[in-house]
Amino acid sequence: MRYAYGIAIGAILPGVIFMVAAVIKITALGADAVGLDMLWDIYVLWFIASIGLAMLLPLIIYLIRKDIFRQFLIYEAGGFGLFAPLWLMIFTDISGDPWYSIFIEGITDGLIGFSPSGNIEGIDISNLFLIPIFIASVVLGIIFLHPSFITKYGTTGMVSEPKPIKETTESPTTSDEESMDVDMPDVIAPTPTVDSVASLREVLIELNVQEPIINLILNSGIGTTTDLVATSAEQLASISGLDKRAAENLLMAIQKKLWFSDI
């Protein structure tokens with residue numbers, strides 16, 4: 001899953017949840033007792049539906065794309081952690097109360113629960129409880145959405161540290177080549193990083209490469225798309241266990257993606 005898509009999903013989901021809650025609150029302004037009872041029932045239903053929505057999306061992803069299930073969970077949890085406090089403040093202000101009021105007065109009937117008689121009733125959230133929860137939520141959201149965290153915990157296989165690719169063949173050096181080396185500036189090969197490894201894994205996943213083959217490629221020391229494109233079909237076949245034709249097709253697909261996409 002692309003990083004921008006994951007961030008967008010994590011940001012939009014809590015935004016939708018708090019937006020509907022704000023609409024219900026705004027509708028309740030000036031309503032009579034009957035209207036308030038009806039709106040409370042709607043809020044209870046939406047509260048339950050919000051929990052179901054947050055749980056349903058990962059379930060759908062698990063059923064259709066198991067390879068990105070962990071990433072989706074991290075994006076969703078990180079999005080709720082980082083963006084939910086922001087959306088709550090925004091929609092609190094839109095619904096008629098100052099955004100900072102939640103830090104002074106807390107939230108009235110923010111949660112729902114069962115009373116001793118068995119009826120569903122609102123539960124207030126104290127500001128003394130809300131403030132540390134907000135701080136912890138934002139900190140965890142930032143940690144979860146950091147690319148290195150997603151790379152480390154969002155994949156199903158462990159990837160070893162990238163190592164330089166060993167040259168398998170050496171071409172004889174002539175005197176002309178030596179003179180050319182003197183005139184040409186030094187060119188530094190791309191160094192694999194956590195982000196480049198994550199980007200390469202994402203490209204391979206988009207090309208429907210199986211997870212074991214991806215891990216074999218990454219564990220061989222290939223840590224950037226440039227490294228992979230520079231690898232011969234014979235080397236790739238030896239590393240991944242693919243036959244030569246499949247390795248050639250994979251390299252060709254990656255080259256097309258590099259040339260004709262925004263990678």
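Figure the gain on full extension for Glu248 and Ile123 (residue separation times 0.36 nm, minus the Cα-Cα span) and round it to one decimal in nm. Don't skip to the answer; put the middle values down first.
Values: separation 125, 0.36 × 125 = 45.00 nm, distance 6.19 nm.
Length gained between Glu248 and Ile123: 38.8 nm.
A compact globular protein would have a Cα radius of gyration near 2.2 N^0.38 Å; the ratio found for region 3-153 is 1.15. Could you point to the residue in Ala31, Gly78, Ser117 farthest towards the positive end of region 1-145's charge dipole, with +1 and -1 charges on the Cβ of Lys/Arg and Asp/Glu respectively? Working it through, the farthest residue towards the positive pole turns out to be Gly78. The order of the peptides 88-96, 61-69 by mean Cβ neighbours within 10 Å, most packed first, is 88-96, 61-69.
Taking only alpha carbon atoms, region 189-260 gives an Rg to Rh ratio of 0.91, where Rh is the Kirkwood radius.
Annotation: for a label point projected 7 angstrom from Cα along Cα→Cβ of Ser148, residues of region 190-218 with backbone N closer than 18 Å are 191-200.
Only the coordinates and a few stated rules stand behind these numbers; no lab work does. Computed from a predicted model, the values in this text were never measured in an experiment. Here Cβ is always computed from backbone atoms with ideal geometry, including for glycine, and neighbour counts include all displayed protein chains.
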